[in-house]
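The values are calculated or read from the model by the stated rules, or taken from the named source; none is laboratory data. Predicted model, so just to flag it, every value in this text is computed and none were measured. Backbone-built Cβ (ideal geometry, glycine too); neighbour counts: all protein chains shown. We work out accessible area using only protein heavy atoms, side chains counted, and drop any ligands, DNA or RNA first. Shrake-Rupley method; radii C 1.70, N 1.55, O 1.52, S 1.80 Å.
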Amino acid sequence: MSAAVIPQRQWPLRQWFYGPARRYYHRPGKVERCAPGPLFYERLDSELRELCLLLHARGLRTTASCEGHHHDRPYFEQLWEALCDEAEAIRGGGLLVTEAECGRSYWFRDPEYRLPWPDFVSFLSESQRYQTTGYLGVIVPFAEMAIDERLRKASRRLGNLAPEIDDTMGRRFDGRLYHFLVESADEEQRSRKWRHITYWFRDEMGLAI
């Protein structure tokens, strides 16, 4: 299990856990599927909450996600200190982590565990490089080919917000995977883009809670 930063398009291939500092740890493996509970939606970034509710109500699946952020240096300084403390716990008695989707908790214990960055500067640089990109993966099961066809055709009208279609990775989840990426260093602009995608699913795709 690792706290390393990885490209958003690789998130679906990992199983995600959050620790006390709310930093996510991950490990390779197909995500265990379950019906998301109330706590799952409470932990979602606010710009993704309605969108995920719409998708799940229609029987579509989502991957690990993030609306994108623009945290300042003090935020990362506090997070770095917390990660260092958690690393000591992992090497010692263990750290209680919770699986992000199903909510099951486990003890993460590894006497050889080390943070994937040699120092704070490396951690800050890598974290800031990825933080402004929001991501959500949408998995359309093979059994939902009608909605898949509609989504493929209608997504052309999303312009530069249109998703990337990933058939190769999607087959691992018995469906077709759509990568939605929202890039903006401006918080309000990023919020507008996510709302546009949400309204598009609601209005053009006819999804409803």
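Here is how the numbers come out for the structure above:
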item	result
Computed over the stretch 7-128: relative contact order in percent, which uses C-alpha pairs under 8 Å that are six or more apart	27 percent
Most fluctuating residue given options 155, 125, 191, as computed from a GNM of the chain linking Cα atoms under 10 Å	125
Net charge over other residues, Cβ less than 15 angstrom from the Cβ of residue 195 (K, R count +1; D, E count -1)	-4
For residue 100, residues with placed amide H under 5 Å, excluding near neighbours	16, 17, 18
Carbon and sulfur %, accessible surface of the stretch 46-101 computed with the full protein complex present, 1.4 Å	47 percent
Selected from 118, 163, 20 as most flexible by GNM, with the chain as the system and alpha-carbon contacts under 10 Å	118
Between the stretch 160-190 and the stretch 37-105, the alpha-carbon center distance in angstrom	19 Å
Cysteines, the chain, no other Cys beta-carbon under 4.7 Å	52, 66, 84
Radius 14 Å from Cβ of residue 39, net charge of other residues (Lys, Arg +1; Asp, Glu -1)	+1
Whole-Hz couplings from phi, Karplus 6.51/-1.76/1.60, listed for the stretch 5-20; x for Gly and Pro	7, 10, x, 4, 5, 8, 4, x, 8, 10, 9, 10, 9, 10, x, x
The chain: most fluctuating residue of 86, 77, 42 per GNM, C-alpha cutoff 10 Å	42
The stretch 1-119, dipole about Cα centre (Lys/Arg Cβ +1, Asp/Glu Cβ -1), debye to the nearest 20	620 debye
Per residue accessible area in Å² of the chain, where ligands, DNA and RNA are left out and the probe is 1.4 Å	51 Å²
Built amide H within the under 5 Å cut-off of residue 133, gap 5+	69
Helix-only [θ]222 nm of the chain, DSSP H runs n ≥ 4, -39500 (n - 2.57) each, per residue, nearest 500	-11000 deg cm²/dmol
Accessible area of residue 203 in the full protein assembly, 1.4 Å probe (Å², nearest 10)	100 Å²
